[in-house]
Amino acid sequence: MNKEREIAYKVRHYLNLGADEIDRGTTGRLFEMRMKALSHQQVAVAQLSLAGIGHIATDVFLPHARALVAIAVLVFTVFGVSTWNDFQKADENGVIDSALLADDLPINAYLDKGFQAWLSEHASQD
Amino acid sequence: MSDFLASVERRAYKQALFAVRDGEAALDIVQDSMLKLAEKYGNKPAGELPMLFQRILQNTIRDFYRRQKVRSLWTTLFSAFSSSDDEDADLLETLEVEQGSYSPATPHGSLEQTQVLAIIEEEIKRLPLRQREAFLMRYWEDMDIAETAAAMGCSEGSVKTHCSRATHSLATALKAKGVEL
C-alpha cells in the first residue's frame with residue numbers, strides 16, 4: 001500500500017508539471033469558462049433570494065401540478081353546476097309562485113264586477 | 001466557488017483530455033461541468049464541491065463517450081473511409097503541450113522531465129476508464145476513498161481495487177519504457 005502511494009505521488013508530481021504547462025490560450029479559455037459559470041451561479045442565487053416563495057412553489061407544488069390543476073378544474077365545475085342549478089331552481093320557483101298566486105283566486109273572480117270595484121277602491125286607498 | 005473552480009480547472013481539463021484525447025472536446029466538457037456545478041450546486045458548502053464536481057465531470061465525460069459512440073456508428077454505416085489515426089494525432093498533440101514554460105535546472109534535465117511526463121500522460125490515457133477515474137481522483141485530486149466512491153457511484157472496495165490496479169499498470173508500463181520512479 002505504501003509502495004502504491006509512493007508511486008502514485010511521484011506520478012502526481014509529473015501530472016502537476018503537465019497541468020502547469022498548459023498553454024496560455026487554453027488557460028485563458030478556462031478563465032472565461034470559470035467567469036461564465038460564476039455568472040450563472042449569481043443568477044441562480046438572485047432568483048433564490050428574491051423568491052423564497054418561488055422556491056417553495058417549484059419544490060413543493062410543481063411535482064403535484066397536474067393533481068392541483070385537476071382539483072381546481074373539478075372545484076370550478078362543481079361550483080358552476082351548483083350556481084346554474086340555483087338559477088334554474090329560482091326560475092322554476094318563480095313560475096310556481098306565480099301559478100300559486102294566480103290559483104288563489106278562482107277565474108270567475110276576475111269576471112265579478114263587485115271584485116273589480118273592490119280592487120279599484122283598494123287601489124285608490126293605497 | 002470561484003476559488004474552487006480556479007484551483008481545479010487545469011486538472012479538470014487534463015483529466016478530460018486524458019479521457020477524450022481532444023483538446024476542444026476536453027474544454028467543452030470542463031465548461032459544461034463548471035456550469036452544471038455553479039447552476040445546481042452553487043449554494044453547497046465548499047467541502048462538498050470537489051466530490052460533486054468530480055461526479056459531474058465524470059458523467060459529462062461518459063456523455064461524450066455515448067455521443068461519440070452514436071456518431072461513430074453512423075459514420076461506420078455511411079462511410080467506408082473512416083480514419084483511425086487517433087493514436088498518431090494524440091502523440092503530436094502531447095508533444096505540443098510539452099513545449100511549455102516549465103524550466104528545470106539544466107537543458108538535459110528539462111528534456112528528460114518532458115519525456116517522462118509524455119510517457120506518464122500517455123500511460124494514464126491508456127488506463128481503463130474506471131481505473132483512471134479512481135487513480136486521478138484519489139491521488140491527484142486528493143479525495144479520500146469514501147469521496148471517490150461517492151463520486152464514482154461504487155463501493156469503497158472497488159475504489160481500492162481500481163487504484164491498486166492502475167498504479168500497478170502504470171509502474172509496469174513505465175518500467176518497460178525505462179522510466180524508474
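The values are calculated or read from the model by the stated rules, or taken from the named source; none is laboratory data. Because the structure is predicted, anything quoted here is derived from the model rather than measured. A quick note on method: Cβ atoms are made from the backbone with ideal geometry, for glycine too, and the neighbour counts reach across all protein chains shown.
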Give me the pairs: first residue in segment A:7-20 and within 10 Å of B:LEU117 (Cα to Cα), second residue not in a helix (DSSP H, G or I), beta-carbon distance under 8 Å, and six or more apart or on different chains, which are they? A:VAL11/B:LEU181; A:LEU17/B:TYR102
Tell me which residues, restricted to segment A:21-38, are surrounded by 16 or more Cβ atoms within 10 Å (Cβ to Cβ) and either more than 7 Å from chain B (Cβ to nearest Cβ) or closer than 25 Å to B:GLN113 by Cα (or both). A:GLU21, A:ILE22, A:THR26
Residue check, B:SER72 against (1) in a helix (DSSP H, G or I); (2) more than 22 Å from A:LEU17 (Cβ to Cβ); (3) at pLDDT 80 or above, all met but one. Which one? (3)
Contact list, first residue from segment B:114-143 and closer than 13 Å to B:ALA16 by Cα, second anywhere and of a type in the set (Ser, Thr, Tyr), beta-carbon distance below 7 Å, six or more apart or interchain, is B:GLU121/B:THR94; B:MET137/B:THR148
Within segment B:37-48, can one find any residue that is in contact with a His (Cβ under 7 Å, 6 or more places away or on another chain), at the interface with another protein chain (Cβ under 9 Å from one of its Cβ atoms) and free of Cβ contacts under 8 Å to residues at least 60 places away in the same chain? yes
Residue selected from segment B:170-179 under the condition in a helix (DSSP H, G or I) and over 16 Å from the mean Cα position of the chain (by Cα), by the criterion farthest from the other protein chains (Cβ to nearest Cβ): B:ALA176
Positions within segment A:21-43 being part of a helix (DSSP H, G or I) and among the acidic types (Asp, Glu), in sequence order: A:GLU32
Given the options A:GLN41, A:GLN47, name the one that is within 9 Å of chain B (Cβ to nearest Cβ), modelled with pLDDT under 80 and surrounded by 11 or more Cβ atoms within 10 Å (Cβ to Cβ). A:GLN41
Among the residues of segment B:1-23, what is the count of those that are within 23 Å of B:GLN68 (Cβ to Cβ), more than 7 Å from chain A (Cβ to nearest Cβ) and either touching a helix residue (DSSP H, G or I) at 6+ places or on another chain (Cβ under 6 Å) or at pLDDT 90 or above (or both)? 8
